[in-house]
Amino acid sequence: MKRYLPDTFTLMLLGTVLLATLLPATGGFESVMHLASNTAIALLFFLHGARLSREAALSGFRQPRLHLLTLGCTFVLFPILGLTLQALFPGLLTPELWLGVLFVCTLSSTVQSSIAFTSIARGNVPAAICGATASNLLGIVFTPILVTLLLHRHHDGGGLGQVTGILLQLLLPFVLGNVLRPWIGDWVLRNKGLLAVVDRGGILLAVYAAFSAAVVQGVWHLFPPQQLALLLLVNAILLGGVLTLTTFGSRALGFSREDEIVLVFCGSKKSLASGIPMASVLFSGSGVGIVLLPIMVFHQMQLMLCAVLARRYAERADASAAPKAGIAA
């Protein structure tokens, strides 16, 4: 049953939303939280840069077709499906929730869960490491650009000038961390537990600051409860559609089972760890809280469904390996 229950981090996120609803940051404390949130986001991207192995990123050239297709699913297929759903059913969700859904479509793939599910499913783990790493690295650039191109009708920003500012705010700490990797990389790898606390703490700070601003503006009075059920439906259609297309598309293109698994799991994921900090930077005002809801819901849905898929892949791999082992014996 554990695979169908919310993971610990999702429960922490829900607790943070509840805390912001009951005790939102106001006045001077709001300014302090905003500064703390921005500082935590910069530190988060700095640490991501310090962790990135350049060798892992460059190894993608060994399987360019697989990695290009994975990136295409992440940054092209998802936006097309999201825009199509919005065009077909514009009144299904509120404009703020549609904004959040489309924002989900612009995000990079996850790293940890993509690799973990690929490993469980007996897939090509080195390719998953490379593909997920490349997606996260490119997402720092692609996501702000896609947000500007796709969401400019709703966005408060100012086009390419704002994208440049966002890239400096996110990319500069990332690059600095990667430049310093020869000196701090070993320390970062030795202290994964501590850095995981920093990562999650930074995300929770960003969520608390965003939802505090939304609650002060009365956001829950503007959010009908039935919208949550419709949001679940839209996210399910998005995730199910991408999983179906990556599964049958990889088979039609002649990929091996191991590479199919990489495309399925890396191409269908969206990163909560990158999404929440980016939303806090890309969107201003009380609307950030509602924009964050779709990625929080999508995160839990992808974990639940992909856990089931990974185990099915593993069972099929074990079943096919059993007769071979018997023949060898």
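The values are calculated or read from the model by the stated rules, or taken from the named source; none is laboratory data. Computed from a predicted structure; not experimentally measured. Note that each Cβ is placed from the backbone with ideal geometry, even for glycine, and that neighbours are counted across all protein chains shown. Note: areas computed on protein heavy atoms with side chains; ligands, DNA, RNA excluded. Shrake-Rupley method; radii C 1.70, N 1.55, O 1.52, S 1.80 Å.
Kindly evaluate A279 against the criterion of being open to solvent by 30 Å² or more (accessible area, probe 1.4 Å) and either among the hydrophobic types (A, V, I, L, M, F, W, C) or within 26 Å of A127 (Cα to Cα) (or both).
no
Which pairs do you get when a residue that is within 10 Å of V262 (Cα to Cα), found in the stretch 61-72, comes within reach of a residue that is open to solvent by less than 30 Å² (accessible area, probe 1.4 Å) and charged (D, E, K, R), reach meaning Cβ atoms under 7 angstrom, with the pair 6+ apart or on two chains?
Partner pairs satisfying both residue conditions: L66/D259.
Could you list, in sequence order, the residues of the stretch 95-132 that are under 11 Å from the mean Cα position of the chain (by Cα), modelled with pLDDT of 90 or more and not small (G, A, S)? I'd like the intermediate steps shown before the answer.
Initial filter on the stretch 95-132 (under 11 Å from the mean Cα position of the chain (by Cα)): 103-114, 132.
Going one step further and asking which of them are modelled with pLDDT of 90 or more, we end up with 103-109.
Correct list: F103, V104, C105, T106, L107.
Would you list the helices (runs of 4 or more DSSP H) that sit entirely within the stretch 18-81 and hold 2 or more residues that are modelled with pLDDT of 85 or more and crowded, with 20+ Cβ neighbours inside 10 Å?
Values: elements: 27-51, 54-58, 64-72.
Answer list for the stretch 18-81: 64-72.
Run L14 past the list (1) open to solvent by 40 Å² or more (accessible area, probe 1.4 Å); (2) at pLDDT 85 or above; (3) part of a helix (DSSP H, G or I) and report the number of the one that doesn't hold.
In the conditions (1) open to solvent by 40 Å² or more (accessible area, probe 1.4 Å); (2) at pLDDT 85 or above; (3) part of a helix (DSSP H, G or I), L14 misses (2) alone.
Take L238 and decide whether it is within 21 Å of G82 (Cβ to Cβ) and either modelled with pLDDT under 95 or in contact with a Phe, Trp or Tyr (Cβ under 8 Å, 6 or more places away or on another chain) (or both). Walk me through how you get there before you give the answer.
Numbers: within 21 Å of G82 (Cβ to Cβ): yes; either modelled with pLDDT under 95 or in contact with a Phe, Trp or Tyr (Cβ under 8 Å, 6 or more places away or on another chain) (or both): yes.
The answer is yes for L238.
Do we find a residue being at pLDDT 95 or above and crowded, with 20+ Cβ neighbours inside 10 Å anywhere in the stretch 226-234?
Checking the stretch 226-234: at least one residue is at pLDDT 95 or above and crowded, with 20+ Cβ neighbours inside 10 Å.
Cβ contacts < 9 Å: first residue over 13 Å from V264 (Cβ atoms), restricted to the stretch 124-135; second residue of a type in the set (K, R) and assigned to a helix (DSSP H, G or I), any location; separation 6+ or different chain. Result?
That search, which allows pairs on different chains as well, returns P126/R62; C130/R62.
Could you check G123 against (1) in a helix (DSSP H, G or I); (2) out of contact with any Gly (no Cβ under 9 Å at 6 or more places or on another chain) and say which number it fails?
In the conditions (1) in a helix (DSSP H, G or I); (2) out of contact with any Gly (no Cβ under 9 Å at 6 or more places or on another chain), G123 misses (1) alone.
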